[in-house]
Structure formats: structure tokens, C-alpha cells
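The values are calculated or read from the model by the stated rules, or taken from the named source; none is laboratory data. On a predicted model such as this, the values are computed, not experimentally measured, just so you know. In this analysis, Cβ positions are derived from the backbone assuming ideal geometry, glycine residues included, and neighbour counts consider all displayed protein chains. What goes into the accessible areas is simple: the full protein's heavy atoms, side chains included, and nothing from ligands, DNA or RNA. Shrake-Rupley method; radii C 1.70, N 1.55, O 1.52, S 1.80 Å.
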Amino acid sequence: MSDSLLSIKDLRVRVEEKEILHGISFDIKPGETHVVMGPNGAGKSTLGNAIMGNPSYEVTGGEIFFDGRNLLDMAVNERAKSGIYMSFQNPLEVPGVTLGNFIKTALEQRTGEHVRIWDFRKKMLQAMSVLQMDPSYAERDLNVGFSGGEKKKAEILQLMLLSPSLAILDETDSGLDVDAVRTVSEGIRAFQKNQDSALIIITHNAAILNSLHVDATHILVGGKLVRSGDASLVDEISEHGFTAYETLS
């Protein structure tokens, strides 16, 4: 039996009538952090959405297994309950639901257990301190009136408190200044301490990776996985960009 937490084999995905991913394959073990990099339009976000089960992304071939289960047989909410979390480039605003209540409800659905409000609040405040978030944001409607940076911090706050088995961070560093990237990285490092969980970081900018442990790097170009390697591949991309890989797609 495979010891992989996530196994992707020959994955093909299309949006409407256009195929975006052309046969992607790689495995992730518990405790590993994998980085998916590539130029804009390479299919990075498509990969994350396909794993999460976004219905706008149609899987036309291949397979995805998570913790021994066929993800393609599971609805989006089932994937979330099984322990998969995905942050988004542009987090949605949810009027009428506070950030704190949203996370508490999600945690109860994830675990199937009632969460004591005082225990939850203590953990939430500790996590908000790591992220340098004003505690008042816990009582504000989810993402309503939040700046771009505060929305991204709210996503990492969810990551820290939900403690999923697999987290997919899609361009979490997009639009963040240097200080915000450093703060968000602190939250990601806290999540990485859980050796039972795995992490996929989708980005085209290596800045957020500077202070993070990376086990594997995958380069997507034109919907194809053109190269995989270790953390040193991130440095190579930072120095030379993606031009050298564009001819491989």
C-alpha cells in the first residue's frame, strides 16, 4: 500500500471546452511541503481547484487519491470534511457571518465534535497574535471591509485553527507587502510543525518560500509538469525565471 497522503496520476482537466492540465502526476507524503510554480496561465490554480473539486474544473482523465480514497468520487464538502483545505487568491466576503463563528463552525464540521467556545477563543487569539491580527477581526463579518493583506491573514488563521491533513495555498503571497509576507510565513511555519499534514504552495514568486522548509518543487508550463526537484529548484527559478522551461512544455 502506498504511504502517500495525496497521489495524482496522469491528471487531465478542462474548463469548458479547453484542456488546461495535460497529464500531471506526483505524490505527496504526510509532513511534506510541495511547491508548484510556473508563469501566469500555467495551470497552477487549476490543479488546486481540481483537487478541491471545484465543479467549474472538469477532470477528464487520470485519478486523485487522498489518504487511500478516490477524491473524484467525493463532493466538495466531503473533501473538506475529510481534511482538505484550500485558500484562495481572492477570498470571498460573507456578510452576516463573523470570522470567528465561521472558523468555529468549520472546525465542528471537520471534527464532528462540539467545540467549547472558551477553548476555541483561546486558541484563536494565540493564532491571531502570531499573525499580528487585531483580535477585533474575529467579531467582524468574514472578509467584509478587510484589506487584501487582512484577507490573506484570515485565510492563514483558518489554516492554523482547522489543522487540515492537506492544505493548498493558492497565491497566498499575491498583493502582500514584504512585512505581510513575513507574517503570513510565520503562520505557515506553525502549520508545518504538524508532521501528519501536508502542504501545497502554489505561487509564481519565491519570496514567501524564503523562510519555509520545502521538500519538493514542481514547475508547470502550459499545463504540463516540465520538471520536479528539491528546494534548490526554487533558487534556480529565482535566478533565471521560467524562460528556460518554456521550451519543455
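Tabulated data
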quantity	calculated
Where N is the number of residues in the chain, Cα Rg divided by 2.2 N^0.38 Å	0.99
Solvent-free Debye scattering, log10 I(q)/I(0), computed from the Cα coordinates of segment 36-179 at q = 0.12, 0.20, 0.21, 0.22 Å⁻¹	-0.54, -1.32, -1.40, -1.47
Stretch gain in nm, segment Ile117-Glu236, where the contour uses 0.36 nm per residue and the Cα spacing is subtracted	38.2 nm
Per DSSP, loop trypsin sites (Lys or Arg not before Pro) in segment 92-183 with at most 14 further Cβ within 10 Å	Arg116
Span from the segment 48-62 Cα centroid across to the segment 115-137 one, whole angstrom	33 Å
Which of Asp10, Asp179 is most accessible, then next, and so on - probe 1.4 Å	Asp179, Asp10
Solvent-accessible area, 1.4 Å probe, carbon plus sulfur percent, for the chain	47 percent
All-pairs Cα distance distribution in segment 124-249, expressed in whole percent, bin size 10 Å	12, 40, 31, 14, 3, 0
Net charge of Cβ neighbours under 11 Å - reference Gly229; Lys, Arg +1; Asp, Glu -1	-3
Distance histogram for segment 179-243 (every C-alpha pair counted, 5 angstrom bins, percent rounded to whole numbers)	3, 14, 27, 24, 18, 10, 4, 0
Ratio Rg/Rh, restricted to segment 88-142 and using Cα atoms, in which Rh is the Kirkwood radius	0.97
GluC sites (Glu not before Pro) lying in DSSP loop within segment 51-134, provided at most 15 other Cβ fall within 10 Å	Glu93, Glu113
Extended-chain gain in nm, criterion 0.36 nm per residue less alpha-carbon gap, Glu186 and Glu17	56.8 nm
Å² per residue, accessible surface of segment 65-119 at 1.4 Å	63 Å²
DSSP beta bridges in the chain [antiparallel fraction, %, rounded to 5]	60 percent
